[in-house]
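For reference, the structure discussed in these notes is given below.
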Amino acid sequence: MAGKINIVGITVDPETIKYIKEDIINITYALEPYVEGYLAAVVLYDMSLHGPNIILNLVSKKDGYPFVALGMTSVNRDNLQEFHELLQKRGVPHKWTP
């Protein structure tokens, strides 16, 4: 059945990586917890210095609400090694190898 149905995931757990290596899952998306934490701290710090209204007016709006794009990284067979090296460089623990 591999190759006949496109499967997309949103996790980089060991089972998903196994299925990517076996060409069962085509692509998955990895969230960026480091970026999420960093931006949350920066925005809160800036709000404490300048007030929430000034900062909220600087960020993007989506459907009228403040929106900060945190980004995701797409992972597939072609960039699995590169993504693994990025995690190692950032010191992010993970339980799989490419």
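Laid out as a table, the results:
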item	result
Long-range lysine pairs (8 or more apart or interchain), the chain, Cα under 23 Å	6
Computed helical MRE - 222 nm, the chain, DSSP H runs ≥ 4 contributing -39500 (n - 2.57), nearest 500	-13500 deg cm²/dmol
Simple label model, 7 Å out from Cα along Cβ direction - Asn6 to Ser48, nm	4.5
Neighbour cut-off at most 12 other Cβ (10 Å), DSSP loop, GluC sites (Glu not before Pro), the stretch 1-86	Glu22
Segment Leu31-Lys62, extension gain: residue separation times 0.36 nm, minus the distance between their alpha carbons	9.2 nm
Amide proton proximity set for Gly9, modelled H, under 5 Å, gap of 5+	Ile27, Thr28, Tyr29
On Cα atoms only, tilt of 80-90 relative to the major axis of the chain in degrees	40
Computed Rg/Rh of the chain, alpha carbon atoms with Kirkwood Rh	1.13
10 Å Cβ shell holding at most 12 others, DSSP loop, trypsin sites (Lys or Arg not before Pro): longest site-free stretch of the chain	5-94
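Bear in mind these aren't lab numbers, they're just calculated from the coordinates by the rules spelled out. Owing to the predicted nature of the structure, the values given are computational and were not obtained by experimental measurement. Neighbour counts run over all protein chains shown; Cβ positions are idealised from the backbone, glycine included.
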